[in-house]
Structures are given as structure tokens and as C-alpha cells.
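Everything below concerns the one structure shown next.
The values are calculated or read from the model by the stated rules, or taken from the named source; none is laboratory data. A quick note: this is a predicted structure, and the numbers were derived from the prediction, not measured. Positions of Cβ are backbone-derived with ideal geometry, glycine not excepted, and every protein chain shown enters the neighbour counts.
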């Protein structure tokens, strides 16, 4: 298949993706308004019974581990904060669009999502241990969860080539995205960027999707979340948490280490120390897969 034809196939795939429901778009819009109140957000979400149900499932799941059941949506928004609820809505919506088994042919669905959950969980744990504002933690998780989302269209539309791509590092050690470019002319970060633009996922998520293999090209302001995702992805690959097709362990980019400096919480030994915690948190985060169906 010619390069330009592949671009056409991917472009068609992206255009055929369902648009975000109007309620989700409104949630994203009002959360960008600094004058929005929890009541405003609650009113918007409550217009969509399905979305309300998903939010309440997440709020009352082991993922948050709250001491008592929350039965009021407005109470959930107040307790968790609007930014956290916005990210829950975003994560649940994207997972619902992509979480079905039919999208997985060359890659194993369960292993792919375990890797994705693992990166999200590690990123959130690192952010917690670095005392990042609690209102921002869910952004780290969702960015990690979705960082490889561009692999799904490639895997779905070019499954035979993708099987070959996954096997390349066994003969010639190199990162998966390099193999993708060699065989397809495009890689999963390019495709992920198209998805992020279509759905207007926001900088903190779209930048992690687009630049997690090319931090040296990054000119934005989301360095902290991007570099945390890169570290988390490296750790998930090195400890074989799930499998998203990458058999080659990349070195940590010098740009990442220069930015992070001597931050003790991001040393490999320290991250390794909470490996057991990662598995527990992945189990809790499975709720996202259940909601996606």
C-alpha cells in the first residue's frame, strides 16, 4: 500500500470517528471558564443520563476508594473537583469510542490496555509523590492512559503490516515508532495527534500523545506532564506492564533528565519501589475498561 493511500485510509478512519456527544463538548467548554461553578458543571452532566451513570460509577469505584457511597452528582463534583470530573468524562468518552475488541487485530487488546493503564497509574503516582496539585492528578492519569491511542487505527487498518512492525526489533533493535515510519511512512504519534485535534482533547493530553517519542521537538508548556508520561512509559516497558508493541527499550531522553534534574521521586530506583502499588492501582483503574464496554 502506497504512503499517500495510507494517509487517505487513516484520514477517512479519523473522520469516521463519532463526534463527542454535545454534553461532553459542553463539559469541556465550561471547564475552561474560570467562572464556572460545580453547580454549572452538574447541570450540564445531568442532561445526559448515560454520562451521569458513568461518572457516578467511577466516583464510587475502588479507583477512588471513598469511605462512603456518593449518591449526589453535585456532591461528587464538589468532593473531587471540576478538573478531576472533566478528566473522568473525557477518559470515559474516549475509552467508549476505542475500547471495543473489534479495533484490535495485531495487538492483544488486554495487554495493550494494561500497558496504557500502567502508564497512567505510574504517571499519577509520580505526580502524587511530587506533591502536584490534587486537582491536576487525573490529567496525568488520562494523558498516560491515552498516550498510545494512535496505535489503534494503525493496528486496525494495517494489521498485517503491524504484525511485521512488532517483529522488527527482534532482528534490528529499534523503537516501535521508527519501525512504523519505515514500513508505513507514519507513526502512532502522528495518528494520535489527528485524533487529539478532532476531539480537541486539550494540550496536556494531546501534547503527551504527540511528543512522547520526540521531546526534543517540543515547544509547548506542558513539559511536566509530558516528561512524566515519558518516564512512566519507560518504566512500564522495562518492567513489562502489559504490552503495546514496543519490544525495544528506549533510553530516557536527555531533554527529560535535564528538565527533571535531581528530582529524587523520578529516579528509577524510587519508581521501582512502588511497583506493587502500581499493580494494585491498575486493578482499580480497570473500571475505565468496564465502562467502555
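A few comments on the model shown:
- The lone exception for residue 216 - which of (1) in a helix (DSSP H, G or I); (2) within 15 Å of the chain's Cα centre (by Cα) it fails: (2)
Okay, residues lined up against (1) modelled with pLDDT of 90 or more; (2) farther than 26 Å from residue 32 by Cα; (3) more than 20 Å from the chain's Cα centre (by Cα); (4) in a helix (DSSP H, G or I):
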residue: 56; (1), (2), (3), (4): yes, no, yes, yes
residue: 62; (1), (2), (3), (4): yes, yes, no, no
residue: 92; (1), (2), (3), (4): no, no, no, yes
residue: 102; (1), (2), (3), (4): no, yes, no, yes
residue: 114; (1), (2), (3), (4): yes, yes, no, yes
residue: 118; (1), (2), (3), (4): yes, yes, no, yes
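- Of the residues 44, 24, the single one that is free of Cβ contacts under 8 Å to residues at least 24 places away in the same chain and touching a helix residue (DSSP H, G or I) at 6+ places or on another chain (Cβ under 6 Å) is 44.
- Residue 85 at pLDDT 90 or above, in a helix (DSSP H, G or I) and crowded, with 17+ Cβ neighbours inside 10 Å: yes
- Output for the range 1-18, where each listed residue is in a loop (DSSP other than H, G, I, E, B) and free of Cβ contacts under 8 Å to residues at least 40 places away in the same chain: 2
- Looking across the range 185-244 at every residue that is at positive phi and surrounded by fewer than 18 Cβ atoms within 10 Å (Cβ to Cβ), the one that is modelled with the highest pLDDT is identified as 185.
- Residues in the range 141-184 that are under 29 Å from residue 223 (Cα atoms) and either assigned to a loop (DSSP other than H, G, I, E, B) or touching a strand residue (DSSP E or B) at 6+ places or on another chain (Cβ under 7 Å) (or both): 147, 148, 149, 150, 173, 174, 175.
- Boolean, residue 292 is modelled with pLDDT under 90 and either within 14 Å of the chain's Cα centre (by Cα) or under 25 Å from residue 55 (Cβ atoms) (or both): yes
- Within the range 120-140, the set of residues being surrounded by fewer than 17 Cβ atoms within 10 Å (Cβ to Cβ) and assigned to a loop (DSSP other than H, G, I, E, B) comprises 130, 131, 133.
- The single residue among 77, 50, 34 that is in a loop (DSSP other than H, G, I, E, B) and free of Cβ contacts under 8 Å to residues at least 40 places away in the same chain turns out to be 34.
- Looking only at residues of the range 195-211 that are over 11 Å from the mean Cα position of the chain (by Cα) and in a loop (DSSP other than H, G, I, E, B), we find that the one that is farthest from residue 135 (Cα to Cα) is 200.
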